[in-house]
């Protein structure tokens with residue numbers, strides 16, 4: 001009987017201490033909070049499509065076909081990639097970030 005009492009006390013002590021240790025779930029909550037749009041961090045989206053040309057004859061905006069629908073995007077000021085060598089009909093992959101309510105291309109690469 002004393003063995004069971006000691007074993008039960010030891011288990012209670014171990015589980016009690018485990019409950020007091022800082023849990024990794026707290027780290028996950030902090031990470032989720034950092035991704036919150038109100039935190040000022042912008043989320044980048046990766047996409048693929050077909051380059052259809054530059055919009056309005058300037059290289060500040062371009063048109064890309066995605067799933068059969070054309071969509072225009074502005075280029076970020078610091079956009080990188082194959083911008084200068086794109087030709088109409090090229091298959092591309094690109095990343096966008098929403099800035100000021102507009103989706104802007106940050107990187108663009110020919111496939």
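Quick notes on this structure:
- Each label point was placed 7 Å from the Cα along the Cα-to-Cβ direction; for residue 84 and residue 103 their separation is 2.7 nm.
- Radius of gyration and maximum dimension Dmax of the range 44-110, Cα, Å: 10.5, 29
- Mean separation of Cα pairs under 8 Å and 6 or more residues apart, divided by the residue count, gives the range 44-110 a relative contact order of 36 percent.
- Considering only the range 44-110, percent of DSSP beta bridges that pair antiparallel, nearest 5: 85
- Taking 0.36 nm per residue of separation and subtracting the Cα-Cα distance, full extension of the segment from residue 65 to residue 111 would add 15.1 nm.
Bear in mind that the values in this text are calculations on the coordinates, not laboratory data. Keep in mind that this is a model prediction, so the values were computed, not measured. Positions of Cβ are backbone-derived with ideal geometry, glycine not excepted, and every protein chain shown enters the neighbour counts.
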